[in-house]
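Undergrad: Have a look at the structure that comes next, please.
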Amino acid sequence: MSLEFPDSLYSLSAPNGAAPINEPRTLCVIVPVYNEAEVLAELHRRLTAVIDGLGVTAEVIYVNDGSRDATLDILYRLRATDPRVAILNLSRNFGKEIAMTAGLDHSRSEATVIIDADLQDPPELIPALMARWSQGYDVVYATRLSRDGESALKKLSARYFYRVIGGMSPIEIPKDTGDFRLLSRRAVDALCRLREQHRFMKGLFAWIGYRQTAVTYHRDRRSAGTTKWNYHKLWGFAIEGITSFSTAPLKVASYVGLVTAMTAFLYASWIIYKTLRFGDPVAGYPSLMVAVLFLGGVQLAAIGVLGEYLGRMFNETKARPLYLVETYEPPRQGERDLPR
Ligand code: UDP
Ligand code: MG
């Protein structure tokens, strides 16, 4: 299902050329950064070039997710030259999902944009996102038409991941959409109320609802540095996505059990019939083995699925804070200076 609204719908609320619904005043850009020393200067140059043209009071929150390279030094240098820069320095590497959450918690602006540091999400798209927001949308996400510089296997696995999770989850998660998006104030407030430990942000963005729409773009290759994802991490991410947003695997266990039991029953009936009709002598060690091993496998798999959910419940019950902040350097000038 697409969440597109026909043009006529929002022109109702903003009739012919009248002022749009939202007059943007403040913008916050959140950039999660983990070992991105090579790209930061270029990112900031392109980002500020775009922001300067917007005519809004802006701030850029760089969330340093426990980088081990020169990232933090570079961020401090950027903040020294640009008063709009804020640095949120987490106490260790918490992962991108948590880093984004930390950024969202610190955003006070009317509109918030989340963007990757590696320039795979073009900052030049921000005006287009803002334009849609002005028309009254709460979540404007950027959907990729193409992904340059990524292996065929990654593209294929990403493609199937979105299809699988779409099929299993009752929440509509937009396909081929990363975390690059613009959020309205109430969308950010809603997200800040979701404090679960296992955060599959793409799912959470969809879960909050409100009016959502897409803007399409071509995804570039990384401008420098290397991806922080390997297949092991991606697999974990996929499991996270499925278990956070779907209980279908729990049901699969029951259905497989049911089907196995039915098959066993039919097979037993056949054996009884055969013995009565032909008086077959005892045989069938192989079939016995196959049945035992098959059932054992099914049971172990089902217990494993239960374990995945149980482990997540265990983590949630600990109710730990999602992240710890080592230092927070607010912007030296910006949205906070505006009269309330
Ligand atoms: N990132 C992060 N914490 C991590 C891993 C990544 O904050 O533990 C940031 C990273 O600096 C980048 C964004 O998340 O800004 C996307 O990471 P990456 O480009 O490695 O992911 P990909 O584009 O390959 O999905
Ligand atoms: Mg990337």
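Undergrad: Among residues belonging to the stretch 108-141 that are small (G, A, S) and touching a helix residue (DSSP H, G or I) at 6+ places or on another chain (Cβ under 6 Å), point out the one that is nearest to ligand 2 (Cβ to nearest atom).
TA: Within the stretch 108-141, the match that is nearest to ligand 2 (Cβ to nearest atom) is A117.
Undergrad: Any residue in the stretch 187-208 that is assigned to a strand (DSSP E or B), at pLDDT 85 or above and crowded, with 18+ Cβ neighbours inside 10 Å?
TA: No, every residue in the stretch 187-208 fails to be assigned to a strand (DSSP E or B), at pLDDT 85 or above and crowded, with 18+ Cβ neighbours inside 10 Å.
Undergrad: For the stretch 221-265: of the residues being away from ligand 2 (no atom under 13 Å from the Cβ) and among the aromatic types (F, W, Y), which is modelled with the highest pLDDT?
TA: W235
Undergrad: Can you list the helices (runs of 4 or more DSSP H) lying wholly within the stretch 48-156 that have 2 or more residues being of a type in the set (S, T, Y) and modelled with pLDDT of 90 or more?
TA: Qualifying helices (runs of 4 or more DSSP H): 71-81.
Undergrad: Counting just the residues of the stretch 26-48 that are surrounded by fewer than 24 Cβ atoms within 10 Å (Cβ to Cβ) and acidic (D, E), which one comes out farthest from ligand 1 (Cβ to nearest atom)?
TA: Checking each candidate, the answer is E42.
Undergrad: Identify, from the list S67, S109, S146, the residue that is among the polar types (S, T, N, Q), within 16 Å of ligand 1 (Cβ to nearest atom) and buried (at least 19 other Cβ atoms within 10 Å of the Cβ).
TA: Sole residue among the options that is among the polar types (S, T, N, Q), within 16 Å of ligand 1 (Cβ to nearest atom) and buried (at least 19 other Cβ atoms within 10 Å of the Cβ): S67.
The values are calculated or read from the model by the stated rules, or taken from the named source; none is laboratory data. These numbers come from a predicted model, not from an experiment. Because the Cβ atoms are built from the backbone with ideal geometry, glycine has one as well, and the counts that use them run over all protein chains shown.
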